[in-house]
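Student: Pasting a structure below so you can have a look.
Read-outs: derived from the displayed coordinates by stated rules, not from any lab. Everything numeric here is computed off the predicted structure, so don't read it as measured data. Glycine also receives a Cβ, built like all others from the backbone with ideal geometry; neighbour counts cover every protein chain displayed.
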Amino acid sequence: MSSPLNRQLLRLATAGSVDDGKSTLVGRLLHDCKAILADQIAHVKTVSEARGGDFDFALLTDGLRAEREQGITIDVAYRYFATDKRSFILADCPGHVQYTRNTVTGASTADVVIILVDARHGVLEQTRRHLAVAGLLRVPHVVLAVNKIDLVDYDESVYTGIAKEVGQLADQLGIADLKTIPVSALVGDNIVTRSENTAWYDGPALLEVLENANGRTDISGRALRFPVQYVIRPQTDDEYRDYRGYSGTVASGTVSVGDDVIVLPAGRRTTVSGIDRAVVSATATAVAERPSAVAGEAVTVRLADNLDVARGSVIVAADSSPGTRRELSATVAWLSERPLTVGARLLIKHTTTTAQAIVTKIAGVLDLDTLGVIDAAGLDLNDIGKVQLKIAAPLAADPYSSNNITGSFLLIDAHDGWTLAAGMIDDEEGELL
Amino acid sequence: MTATLEAPLNAHTVTELDALESESIFVFREVAAEFERPVVLFSGGKDSIVMLHLARKAFAPAGVPFTLLHVDTGHNFPEVLAYRDNVVEQLGLRLEVASVEDYIADGRLRERSDGTRNQLQTVPLLDAINQHRFDAVFGGGRRDEERARAKERIFSLRDEFGQWDPRNQRPELWSLYNGKHKPGEHVRVFPLSNWTELDVWNYIAREEIPLPSIYYAHERDVFERDGMLLAVGPYSQPRDGETVAPRTVRYRTVGDMSCTGAVSSDATTAAEVVVEVAASTITERGATRADDRASEAAMEDRKREGYF
Ligand SMILES: Nc1nc2c(ncn2[C@@H]2O[C@H](COP(=O)(O)OP(=O)(O)OP(=O)(O)O)[C@@H](O)[C@H]2O)c(=O)[nH]1
Ligand SMILES: [Mg+2]
């Protein structure tokens, strides 16, 4: 029997146009996996009946008053479930264009994005936008669920038509792994078990695909990147009097005792002298040494030489340092109603560094119809655009395509702290789009 | 068709509990680095105990660089208060207490007609945040607890009045948590957002974290009300027609003693609780919190006003 002690977490997000059935699919998936307990079912039954309708699966995730009044999803709902094989974090995202920022939020951490398309309506502008977002975020797996297949009499040709169109878009957007499934979220066809209603479809049900998908491509095999979050100096009168450790989470690669490393932005070389993990009991707070740590693990690293290392420093493998840069070309998803114009002064938050930035160029905006980049003077809400930035501090940055942690950043309004954009650093040679 | 996706677990796979632990530790360190006056809400309940355990891990071998704050309803389980005071003393922590009782005594708050006090915690909480100028407030809330909590960010902005605006939350991308806020605003931080009740219990078992004894099966005089087992005590007495009988019970949550229900249980260890929780057919709050049943959006309304 699997348990959280040996199971792996998979993060899922839904996407697709408004009313295509995302919340219904999530509710159905949870329900059919027996992840909904009796009191929640009773609650949804009561509310559904009070509205004079059938059991509304979407009410399992649409929990805000405004969502229930309007019958749409406004912000991401996170739900959790586990099967014998693994456990899942499910982010049910909104489809409405006004809430794209929330869909980007849900998709940014996803290992799998399930894009729904209403079989009756086919591919819509929001479908294209969400596909572009999934491609841009380099979500490892995309599943196209052609939903409401019950409403087109389980017609195979409708399914094949949509699958073909989305397949072409996915190719254009560089989405490498696309699976396609005909489903009815409402009826439960091909969600947890394969359905007789789609005898012409011989692929797996949605749950089978999810259970077999791997997480973010194993980033422990890549070059070491370790952004320092916080310096730990107990300054107590015990064995830790002179302790000085750099705490953080390994962003990529493996860090081992004895590794030759470079500390950026200073560029100084040193060796890893220790890697510590906390050991705490009811009364004692101590650390234990370990030989190495891999991507995703929160540890504390000690270095052989006494260098100037602080929050904002990044410890990298000596043989594959990204160096630092003060200028970036990047693709951004603009998530604010305040438009972006050339010359704007903003804050950039990149790993553990926050610095001032100036937008020096807006190189274009993604045209959702052609998926090409066209000229633009500025970026508006929900635009996906290409920009160049000049930054007040050197950043130890990688292209997003090789590292989604050292390759991503936020743009923040310096006056009120609002998050304006999600940024992905372009490959040096080529364009991301 | 799915063959290309197959990936067997290997030694380098970070498992569920380790992934959750690392995510929480990351959050604690971000806050320590980016805020000036963080505080951890500490009630002595299991979620706040796990939260404190994770905070200790985040900064070991140094101590926790945060103050603790308990918003005390005055309706406490004595075992929980004793646990709280013991932890504070043993770890040399600083504890502030905001007392609902004091507010009632001097008239700033009025006792509710049903006598329960969970709802009354909001004002003392917000006053304490203002008074101490806390800029980051760690809460032990989990998204799996309740449908409004399921919608909340890990870094959740509160305006000058402590209000949450669920329709206008900041985007939260990757693990780039944005803690920027204007003077007077603060950020609620939820390091356990992605933990489920079962994760919490598995973690308590794995880490051998001590808990107040009421979390394990014990005999207690209880009576039934609204399908919950309430303890006979100074704040809750049976009404006419409610009969008192000794039962073997444990608590799944601890809150205001007058409206927190116990569940029948024989589980005397964390490992046994794991088995029970895994087999449970009712959610934690559904089983134990009368105040959450009040209306369809009871929690959302309270959270909008500044509740935990
Ligand atoms: N017949 C049929 N109806 C469906 C199916 N899936 C969803 N619906 C209905 O479509 C409507 C919209 O469903 P939702 O699940 O709320 O859609 P959504 O994609 O979550 O919408 P937003 O989150 O607002 O973008 C509801 O009335 C559902 O009952 C399906 O497979 N078949
Ligand atoms: Mg929805």
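Student: Once R0 is set to 35 Å, what does the formula 1/(1 + (r/R0)^6) return for the Cβ-Cβ distance between A:ARG65 and B:ILE104, expressed as a FRET efficiency to the nearest 0.05?
Tutor: Numbers: r = 29 Å, r/R0 = 0.84.
Calculated transfer efficiency: 0.75.
Student: For a label point 7 angstrom out from the Cα of A:THR83 toward its Cβ, which stretches of segment A:196-215 have the backbone nitrogen within less than 11 Å?
Tutor: Under 11 Å, as judged by backbone N against the label point of A:THR83, lie A:204-213 of segment A:196-215.
Student: Next question, about the same structure. Once you have all Cα-Cα distances for segment A:8-212, histogram them in 5 Å bins from zero and send the whole-percent values.
Tutor: 1, 8, 17, 21, 22, 17, 10, 3, 1, 0
Student: With a ≥ b ≥ c taken as the square roots of the eigenvalues of the C-alpha gyration tensor of segment A:25-97, please select rounded if a/c is under 1.5 and otherwise prolate if a/b is larger than b/c or oblate if it is not? Could you put the intermediate results ahead of the total?
Tutor: Working: a/c = 2.49, a/b = 1.26, b/c = 1.97.
Since a/c reaches 1.5 but b/c is at least a/b, the shape of segment A:25-97 is classed as oblate.
Student: State the volume of the convex hull built on the alpha-carbon positions of segment B:43-154, expressed per residue in Å³ and rounded to an integer. Don't skip to the answer; put the middle values down first.
Tutor: Numbers: hull volume 14.7 nm³, N = 112.
For segment B:43-154, the hull spanned by Cα atoms encloses 131 Å³ per residue.
Student: Have a look at the DSSP beta bridges in the protein assembly as shown and tell me what percent are antiparallel, nearest 5.
Tutor: Values: 97 of 133 bridges.
The antiparallel fraction comes to roughly 75 percent.
Student: Explain nothing, just the number: dipole magnitude of chain A about its Cα centre with +1 on each Lys and Arg Cβ and -1 on each Asp and Glu Cβ, in debye rounded to the nearest 20.
Tutor: Numbers: 41 positive and 56 negative charges, 248 e Å.
That gives chain A a dipole magnitude of about 1180 debye.
Student: Return one number: the angle in degrees, 0 to 90 and rounded to the nearest 10, between the long axis of the Cα atoms of helix A:125-136 and the longest principal axis of the Cα atoms of chain A.
Tutor: Once rounded, the angle reads 30 degrees.
Student: Ranked by Cβ crowding within 10 angstrom, fewest neighbours first, how are A:LEU151, A:LEU30 ordered?
Tutor: Sorted ascending by nearby Cβ count, the order is A:LEU151, A:LEU30.
Student: Scan segment B:34-117 for GluC sites (Glu not before Pro) in coil per DSSP, keeping those whose Cβ has at most 16 other Cβ atoms within 10 Å, and list them by number. Intermediate results must be reported in sequence, preceding the final value.
Tutor: On the way: sites: B:GLU34, B:GLU36, B:GLU79, B:GLU89, B:GLU96, B:GLU101, B:GLU111; in loops: B:GLU36, B:GLU111.
Passing sites in segment B:34-117 are B:GLU36, B:GLU111.
Student: What is chain B's relative contact order, in percent, from Cα pairs under 8 angstrom and six or more apart in sequence?
Tutor: Working: 497 pairs, mean separation 57.7, N = 308.
About 19 percent, as a whole number.
Student: Sticking with this structure for a sec: Between B:LEU126, B:PRO78, B:TYR103, whose Cα lies farthest towards the positive end of the dipole of segment B:63-186 when Lys and Arg beta carbons carry +1 and Asp and Glu beta carbons carry -1, centred on the Cα centre?
Tutor: B:LEU126
Student: Under unit Cβ charges (Lys, Arg +1; Asp, Glu -1), what dipole magnitude, rounded to 20 debye, does segment A:296-433 have relative to its Cα centre?
Tutor: On the way: 10 positive and 19 negative charges, 119 e Å.
For this selection, approximately 580 debye.
Student: Along the Cα→Cβ direction, 7 angstrom out, place labels at B:ASP159 and A:SER281. What is the inter-label distance in nm?
Tutor: Between B:ASP159 and A:SER281, the label points sit 5.1 nm apart.
Student: Could you tell me which of rounded, prolate or oblate describes chain B, using a ≥ b ≥ c as the square roots of the eigenvalues of the alpha-carbon gyration tensor, with rounded for a/c under 1.5 and, failing that, prolate when a/b is larger than b/c and oblate otherwise?
Tutor: On the way: a/c = 1.55, a/b = 1.14, b/c = 1.36.
Judged from the Cα gyration tensor, chain B comes out oblate (a/c at least 1.5, b/c at or above a/b).
Student: Taking the Cα atoms only, what angle lies between the long axis of helix A:38-50 and the longest principal axis of chain A, rounded to 10 degrees?
Tutor: Computed tilt is about 50 degrees.
Student: Placing +1 on the Cβ of each Lys and Arg and -1 on the Cβ of each Asp and Glu in the protein assembly as shown, which of B:ALA136, B:VAL273, A:THR46 has its Cα farthest towards the positive end of the resulting dipole?
Tutor: B:ALA136
Student: Give me log10 I(q)/I(0) at q = 0.16, 0.19 Å⁻¹ for segment B:159-308, Debye formula, one equal scatterer per alpha-carbon, no solvent.
Tutor: -1.02, -1.20
Student: Just how large is the dipole of the protein assembly as shown about the Cα centre, in debye to the nearest 20, putting +1 at every Lys and Arg Cβ and -1 at every Asp and Glu Cβ? Spell out each step's value before the answer.
Tutor: Numbers: 78 positive and 107 negative charges, 282 e Å.
Dipole magnitude for the protein assembly as shown comes out near 1360 debye.
Student: Could you tell me how many degrees, from 0 to 90 and to the nearest 10, lie between the Cα long axis of helix A:156-172 and the main elongation axis, the longest principal axis, of the Cα atoms of chain A?
Tutor: Approximately 20 degrees, to the nearest 10.
Student: Once Rh for the protein assembly as shown is found with the Kirkwood sum over Cα pairs, what is the Stokes-Einstein diffusion coefficient at 20 °C and 1.002 mPa s, in µm²/s? Could you put the intermediate results ahead of the total?
Tutor: Details: Rh = 26.8 Å.
Value of D from the Cα-based Kirkwood radius: 80 µm²/s.
Student: Sticking with this structure for a sec: Name the residue farthest towards the positive end of the dipole of segment A:325-425 from the options A:LEU420, A:ALA355, A:SER336, assuming +1 on Cβ of Lys and Arg, -1 on Cβ of Asp and Glu, about the Cα centre.
Tutor: Ranked along the dipole, the leading option is A:ALA355.
Student: Could I ask something else about it? Only helical DSSP H runs with n ≥ 4 go in: add -39500 (n - 2.57) per run for chain A, normalise by residue count and round the 222 nm mean residue ellipticity to 500 deg cm²/dmol. Intermediate values should be presented prior to the final figure.
Tutor: Values: 7 runs with 75 residues, N = 433.
About -5000 deg cm²/dmol.
Student: Related question: Determine the percent antiparallel among the DSSP beta bridges restricted to segment A:32-191, to the nearest 5. Walk me through the numbers on the way to the answer.
Tutor: Values: 7 of 19 bridges.
Bridges in segment A:32-191 are about 35 percent antiparallel.
Student: Turning to a different aspect of this structure: What are the GluC sites (Glu not before Pro) within segment A:295-367 that DSSP puts in a loop, where the Cβ has at most 15 other Cβ atoms within 10 Å? Spell out each step's value before the answer.
Tutor: On the way: sites: A:GLU297, A:GLU327, A:GLU337; in loops: A:GLU297, A:GLU337.
Qualifying residues, ordered by number: A:GLU337.
Student: OK, next. Quick one, what does Rg over Rh come out to for segment A:122-213 if you take C-alpha atoms and the Kirkwood Rh?
Tutor: On the way: Rg = 13.0 Å, Rh = 13.5 Å.
For segment A:122-213, the value is 0.96.
Student: Could you list B:ASP256, B:ASP72 so that the one with the fewest beta carbons within 10 Å of its beta carbon is first and the one with the most is last?
Tutor: Working: B:ASP256 24, B:ASP72 20.
Least crowded to most crowded, the residues run B:ASP72, B:ASP256.
Student: Continuing with this model, one more query. Need one value for A:404-410: mean number of C-beta atoms belonging to other chains within 10 Å of its residues' C-beta atoms. Intermediate values should be presented prior to the final figure.
Tutor: On the way: counts 2, 3, 0, 1, 4, 3, 9.
If you average over the peptide's residues, the count of other-chain Cβ atoms is 3.
Student: May I pose another question? Please compute, for the alpha-carbon atoms of segment A:225-320, the extent along each of the three principal axes and give them in descending order in Å.
Tutor: 42, 24, 22
Student: Further question on the same structure: Only loop residues by DSSP count here, and only those with at most 13 other Cβ atoms within 10 Å; note down the chymotrypsin sites (Phe, Trp or Tyr not before Pro) in segment B:100-191 that meet that.
Tutor: Values: sites: B:TYR103, B:PHE134, B:PHE138, B:PHE155, B:PHE161, B:TRP164, B:TRP174, B:TYR177; in loops: B:PHE134, B:PHE161, B:TRP164, B:TRP174, B:TYR177.
Those that pass, being in a loop and sparsely packed, are B:PHE161.
Student: Would you mind computing, in nm to one decimal, how far apart the modelled labels at A:ARG290 and B:ARG225 are, each placed 7 Å from Cα along Cα→Cβ?
Tutor: In this crude spin-label approximation the distance works out to 4.8 nm.
Student: Classify segment B:10-50: rounded, prolate or oblate, from the alpha-carbon gyration tensor (a ≥ b ≥ c, eigenvalue square roots; a/c under 1.5 rounded; otherwise prolate if a/b is larger than b/c)? Walk me through the numbers on the way to the answer.
Tutor: On the way: a/c = 6.63, a/b = 1.52, b/c = 4.36.
Here segment B:10-50 falls in the oblate category.
Student: OK, next. Suppose R0 equals 41 Å. What FRET efficiency, 1/(1 + (r/R0)^6) with r the Cβ-Cβ distance, do A:ASP260 and B:GLU207 give to the nearest 0.05?
Tutor: Values: r = 34 Å, r/R0 = 0.84.
The formula returns an efficiency of 0.75 here.
Student: Sticking with this structure for a sec: Taking all pairs of different Cα atoms in chain A, averaging 1/r and flipping that mean, what Kirkwood radius in angstroms comes out?
Tutor: Values: mean 1/r = 0.0424 Å⁻¹.
Kirkwood hydrodynamic radius for chain A: 23.6 Å.
Student: Could you check the simple spin-label distance between A:LEU307 and A:SER273, using points 7 Å along Cα→Cβ, in nm with one decimal?
Tutor: 1.4 nm
Student: Over all directions, average the projected area of the Cα convex hull of segment B:212-292 and note it in nm². Intermediate results must be reported in sequence, preceding the final value.
Tutor: Numbers: hull surface 20.8 nm².
One quarter of the hull surface, i.e. the mean projection, equals 5.2 nm².
Student: While we're on this one: Can you compute the helix-only [θ] at 222 nm over chain B? Use -39500 (n - 2.57) per DSSP H run of at least 4 residues, normalise by all residues, nearest 500 deg cm²/dmol.
Tutor: On the way: 9 runs with 98 residues, N = 308.
Per the formula, -9500 deg cm²/dmol.
Student: Over segment A:325-425, with a single point scatterer placed on each C-alpha, what log10 of the ratio I(q)/I(0) does the Debye formula yield at q = 0.23 1/Å?
Tutor: -1.26
Student: Going by Cα centres, segment A:297-328 and segment B:70-125 are how many Å apart?
Tutor: Distance between centres, Cα-based: 44 Å.
Student: Tell me, B:THR67, A:THR370 in order of fewest to most beta-carbon neighbours within 10 Å? All intermediate terms of the calculation are to be shown ahead of the outcome.
Tutor: Working: B:THR67 16, A:THR370 9.
In order of increasing Cβ crowding within 10 Å: A:THR370, B:THR67.
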